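Notes to accompany the following structure.
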Amino acid sequence: MTYCVIFDKRVLKDFDLLPVGECDRIHDVLLAIADDPRSAGCQKMRGFVDVYRIRMGSYRLVYQIMETDKIVRVFRVGHRKDVYRNL
């Protein structure tokens with residue numbers, strides 16, 4: 001079952017700051033999340049409800065799964081040193 005992937009405005013700005021090679025890799029991960037948001041490699045974040053992260057080398061993708069609406073909302077995409085600030 002596929003999910004609809006939506007992005008916060010902040011994520012679109014985050015994509016502009018990423019290297020081109022990382023954008024391609026993140027695009028592949030986003031396609032995989034649309035098919036199965038709880039795939040191998042994702043970890044649930046402590047202290048949040050239905051918020052997960054995926055590690056891609058030095059970069060992270062942080063997202064929330066809204067199961068009732070079949071929506072995956074992407075919060076942040078970025079380097080691991082910056083991505084967890086101000087969640």
Margin query: Looking only at strands (runs of 3 or more DSSP E) that lie completely in region 1-70, which have at least 1 residues being touching a residue at least 24 places away in the same chain (Cβ under 8 Å) and surrounded by 13 or more Cβ atoms within 10 Å (Cβ to Cβ)?
Written below: 4-7, 51-56, 59-66
Check: What are the residues in region 54-68 that are more than 21 Å from residue 24 (Cβ to Cβ) and in contact with a strand residue (DSSP E or B) (Cβ under 8 Å, 6 or more places away or on another chain), if any?
Finding: 64, 65, 66
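Computed from the coordinates by the stated procedures, all read-outs in this text should not be read as laboratory data. Quick caveat: nothing in here was measured; it's all calculated off a predicted structure. Positions of Cβ are generated from backbone atoms using ideal geometry, with glycine treated the same way; all protein chains shown enter the neighbour counts.
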